[in-house]
Amino acid sequence: MSSIAFIGLGNMGAPMAHNLIKAGHQLTVFDLVPQAVQGLAAAGARAAADATEAVKGAEVVVTMLPASKHVEALYLADDLLAAIDAAALVIDCSTIAPDSARKVAAAAKARGLAMIDAPVSGGTGGAVAGTLTFIVGGEADALQRAMPVLQCMGKNIFHAGAAGAGQVAKICNNMLLGILMAGTSEALALGVANGLDPKVLSDIIAKSSGRNWATELYNPWPGVMDHAPASKGYAGGFGVDLMLKDLGLAAESALSTRSSIPLGELARNLYSLHSAAGTGKLDFSSIVKLYTDKAA
Ligand code: NAD
């Protein structure tokens, strides 16, 4: 059992923290949203008044924040690193720019702290079930130390390479996810416009060569899968603006290496148009509305 500070209790962080409590770890939690902290306190976590209090005496610090600016603000501008015990291990699970991850990891190293970037894949369903995929960047020793903690929240744990490499791999994965969700939405909208039942078409695709994560687990069409955000008014899940952030990170990475990502850029523009209509907080599978609302 370890004493763990967990900071960032949103759609992903809250269920991940719950799984650490279930596994017997002693958690101290903090989020800017008081209700999020109360939810974990009700499950047995200690509630901290701020991030500095949360990390005091912790053996492991886990953060699950929205974007680079939040991670840099917390660890660097607010100098949370200075409050963390020198023997502690720091695990940032947020999806952020590889350069930000390297910058924070270097600052941690300068203070003698071990740190890994460990962004996740698997969605809120994977976070609740404890079946996330962790994509880790950092030193092998630090990953070995992190294993018992990561295994309480996930099933597949990959070492992508040095600091920041976890973020590079995660960005590639999410660029593909953004493209395939838009493509799946486009195919379903085409079928429905031509008289097909969305459930029947989804069943056909799920057993044909167009099958993918969306048709198997996360169908964007309302009513096709009861558990999917599409059937819950696109609430919870992975926000449109978070997908837009990840596609922006892919674009930045492409610029820095002169890589061509025509489909990634097209997907970024689709999510940007969609977000501009006020959908930023909806699950990203609501991209299907770009097709259906227009048709209506
Ligand atoms: P979210 O917006 O639901 O949660 C983020 C939480 O961080 C919020 O509760 C917010 O109040 C808190 N926060 C922000 N700044 C803080 C600070 N300084 N101190 C304490 N708390 C702070 O986001 P999410 O969906 O949980 O995603 C978190 C990260 O995981 C993002 O980087 C996202 O890209 C990534 N991710 C999300 C999913 C998904 O399906 N939602 C899947 C994989 C990866």
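What the table below lists for this structure:
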quantity: Qualifying positions in segment 183-222 - touching a residue at least 40 places away in the same chain (Cβ under 8 Å), more than 18 Å from Ser121 (Cβ to Cβ), within 26 Å of the chain's Cα centre (by Cα) and assigned to a helix (DSSP H, G or I); calculated: Ser185, Glu186, Leu188
quantity: Residue that is nearest to the ligand (Cβ to nearest atom) [pool: residues in segment 52-75 that are part of a helix (DSSP H, G or I) and closer than 16 Å to Gly112 by Cβ]; calculated: Tyr75
quantity: Residue under evaluation Ser68, criteria (1) buried (at least 23 other Cβ atoms within 10 Å of the Cβ); (2) more than 15 Å from Met153 (Cα to Cα); (3) among the polar types (S, T, N, Q), criterion not met; calculated: (1)
quantity: Criterion (within 9 Å of the ligand (Cβ to nearest atom) and not acidic (Asp, Glu)) met by exactly one of Gly24, Gly8, Gly39; calculated: Gly8
quantity: In segment 10-51, residue farthest from His70 (Cα to Cα) [restricted to those that are under 22 Å from the mean Cα position of the chain (by Cα) and in a strand (DSSP E or B)]; calculated: Leu27
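Every read-out reported here was derived from the displayed coordinates using simple, explicitly stated rules and does not represent laboratory data. Quick caveat: nothing in here was measured; it's all calculated off a predicted structure. Positions of Cβ are generated from backbone atoms using ideal geometry, with glycine treated the same way; all protein chains shown enter the neighbour counts.
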